[in-house]
Amino acid sequence: MIFDIEALIDHALAAKALSYSPYSKFKVAAAILLKNGKYIMGANIENKSYSLTVCAERCALFKLVSEGYTKDDVVAMCVTANTDSPVSPCGACREVMDELLNPDTPIILTNNKRERMIVKNSDLLPLSFKLEN
Ligand code: THU
């Protein structure tokens, strides 16, 4: 599906302002473009009990589901952070992306310089555990 990748990156970059990261001071953000043209944004939300932190990717994906959407409503997802090269989602987020997004969904990994790596969701978690296993 053709979509405006620059607009998607713009939304992810804008969502960094929503990051609550007083401990790491590392702002991560995500934006999900829906087929209805809307965007769902997420940012990392940290906690004084560090392990309770929720990553930007999972924040956006939990919003997707809790707002009534499914993987079939999604065009693409973008993740961004101020990293030297395009940010790479952590393993926990990859599991949740594997669960809540389609395997072929384009994932755009970016940074502040708008450098980008575009992968398929299934590329991020090869040989993943599947329900049918
Ligand atoms: N973080 C994310 O938001 N996404 C990732 O994929 C990796 C890490 C956040 C969690 C924490 O707030 C900060 O980055 C430092 O680990």
Quick check: residue separation of residue 50 and residue 21 times 0.36 nm, minus the Cα distance between them. What number comes out in nm?
9.4 nm
Using the basic label-point model (7 angstrom from Cα toward the beta carbon), what is the residue 112 to residue 72 distance in nanometres?
4.2
Excluding residues fewer than 8 positions from residue 120 in its own chain, the lysines with Cα under 25 Å of it are 16, 27, 35, 38, 63, 71, 130
Taking only DSSP H segments of four or more residues, each worth -39500 (n - 2.57), what value at 222 nm results for the chain once the sum is divided by all its residues, to the nearest 500 deg cm²/dmol?
-7500 deg cm²/dmol
Cα-based equivalent ellipsoid of segment 40-127: semi-axis lengths in Å, sorted from largest, via gyration tensor
18, 18, 12
In the neighbourhood of residue 5 defined by beta carbon distances under 14 Å, the net charge of the other residues (Lys, Arg +1; Asp, Glu -1) is -2
Local electrostatic count at residue 46 - Lys and Arg +1, Asp and Glu -1, tallied over other residues with Cβ under 15 Å:
+4
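Just for segment 5-122, what percent of DSSP beta bridges are antiparallel, to the closest 5?
Details: 18 of 24 bridges.
Of all bridge pairs located within segment 5-122, approximately 75 percent are antiparallel.
Read-outs: derived from the displayed coordinates by stated rules, not from any lab. Keep in mind the model is a prediction, meaning the values are calculated, not measured. Virtual Cβ from ideal backbone geometry, glycine too; neighbours counted across all protein chains shown.
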